[in-house]
Every structure is written in C-alpha cells, then in structure tokens.
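This report refers to the structure that appears directly beneath it.
Please treat every number below as a calculation from the coordinates, not as lab data. In this text, all values refer to a predicted model and were calculated from it rather than measured experimentally. We place every Cβ from the backbone using ideal geometry, glycine too, and count neighbours over all the protein chains shown.
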C-alpha cells in the first residue's frame, strides 16, 4: 500500500499487518548519466513491488538524508546529523502512533549506513512502542555477483545503472557516460585506518567502474531477486515478536514503566 495514495481508512485497515516500510535514498551526483535521486527512487519502487506480494504500508521515500562526502558536488542536499536523527525519529514515532509496530528502514544509499546503525542504538533506551529493522541495501548478493561483469562497483556503476535502466529507463542518459573504467584515484595509504575524505579522494566524479556493462535485463533479474528477498524479510518480521519483547525487557531493566 502506497501511503500517500491511500485513504485514511485504507491505512487504518492495514495496521493489522503491523509492518511499515520507510524507503531512504539521497540527493547527490551519480556520475553524469543518472539522476540525483536514483537511490530513493529505486528503494521506493522495490518496496512497492514487495507490497504487491505481501501486504505492507510503504511511506514516500525520504530523499533528504546524509550526503556529507559529496557536498562539494552539484545536486547534493545533505542534512546535519543531529537534525536527521531527530527527524527520522519523529517520522518513526508518527508511524508508530498510527499503529505500526514494526518499521523497516529500506535504505538505498550507502552514505546512510553508519547513521542508521547509530539511529537504531539511539532508540534502544527510549522505550518506543515499535522496533526498527535495517536490512542491507542489496540482499541478493548471490544473484548480483553472477550478473556483474565489472570488478569494481559502488556508485553510478554497472550495478546501480542496471537497476535504473530497468526501473527508470527514461531517467538514464547513457550517452553521457565517459569512456573507460573509473577506478579509485586515492593517492594515499593509511590502511587499515579510514578517514573522512576517503570517498572524495577515491571517486571525485561520483562514478565507479564501467556502467557501459549495465543493462535493463540485468536490472530486471536483480530487482526480482531483491523484491523476493524483501518479501521473505517482511514475512519473517511479521512472524516474530521477540524483538519487541526484548526491547520491552530492556526498557524495564532501565526502570521504564
């Protein structure tokens, strides 16, 4: 069920399913050939396709997220850490107030990963009436590995471009792809440490690998596998109440009523 296209009565009727998906994306440069919002567009579409197979509420995608490493490039909108944590908590609180006790944060943007892990811990001692679940961006790695022809992926690459070519072909400008293979340009080695400029130093043009290898057919197979795994996850989450039980026990151990 697409929340923004549903009536209040339709949303209320779906509360019995308990689960709501919040797709998260970004607004940032994706090479020269993909739109800035492709992460959220893909995450939202996959959630909607999963909802066709397993009843679940799907919120509109959250595009305004965490894009610190790409703020220097045109098109980026990055929200400050404390504001984004508060806003995401506010959204989840409102979803919970509507009666949904299990919230899947379906993230499509790698830059959100660390913040979402912090967010999950941020909630643990707040005695919320809901639980959040954070699946990996790509849940069908076995399928993806068999389809990819390029050894390096990660952004506006063969992988992301294949998703886009299948789901949003009208938004892809493949004639703007540069020739050749785009590999890391990082000119220092401080391993095993990481730094805040690793991404910028590696991929200053926000493009990885060779998207010439992408295709709508690869995208179809990847999307179908991703939807299948998301449906499986939704069903597991619906069937399980131990996460909520443990959250309640944790709150009681801290003295919450």
| request: Calculate the length of the line joining the C-alpha centroid of the range 21-98 to that of the range 154-180, in whole Å. | output: 19 Å
| Relative contact order %, the range 3-253, counting alpha carbon pairs below 8 Å whose residues are six or more apart | 24 percent
| message | Quick check: the angle from helix 113-123's long axis to the longest principal axis of the chain, C-alpha only, nearest 10 degrees? | response | 10 degrees
| By how many degrees, 0 to 90 and rounded to 10, does the Cα axis of helix 242-253 deviate from the longest principal axis of the chain? | 70 degrees
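Which percent, nearest 5, of DSSP beta bridges in the range 3-253 are antiparallel? Please report the intermediate quantities before stating the final value.
Working: 2 of 16 bridges.
Just about 10 percent of them are antiparallel.
List 141, 33, 109 from most exposed to least, where exposure is judged by having the fewest other Cβ atoms within 10 Å.
Working: 141 11, 33 21, 109 26.
Going from sparsest to densest Cβ surroundings: 141, 33, 109.
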| task | Could you work out how far helix 158-167 tilts from the main Cα principal axis of the chain, as a 0 to 90 degree angle to the nearest 10? | result | 60 degrees
| task | Using a 10 Å cut-off on Cβ atoms, rank the peptides 111-120, 44-53 from the highest mean neighbour count down. | result | 44-53, 111-120
| query | Using just the C-alpha positions of the chain as equal point scatterers, what log10 of I(q)/I(0) does the Debye formula give at each q in 0.08, 0.10, 0.15 1/Å? | reply | -0.34, -0.53, -1.12
| remark: Using alpha-carbon positions, the gyration tensor of the range 42-121 gives root eigenvalues a ≥ b ≥ c; with a/c under 1.5 called rounded, otherwise prolate if a/b exceeds b/c, else oblate, the class is oblate
| request: Sort 144, 124 so the one with the fewest other Cβ atoms within 10 Å of its own Cβ comes first. | output: 124, 144
| If we count other beta carbons within 10 Å of each Cβ, what is the order of 138, 163, 100, fewest first? | 138, 100, 163
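Show that you can apply the helix-only estimate: for the chain, add -39,500 (n - 2.57) for every DSSP H stretch of four or more residues, divide by all residues, and state [θ] at 222 nm to the nearest 500. Walk me through the numbers on the way to the answer.
On the way: 9 runs with 109 residues, N = 257.
Mean residue ellipticity at 222 nm (helix-derived): -13000 deg cm²/dmol.
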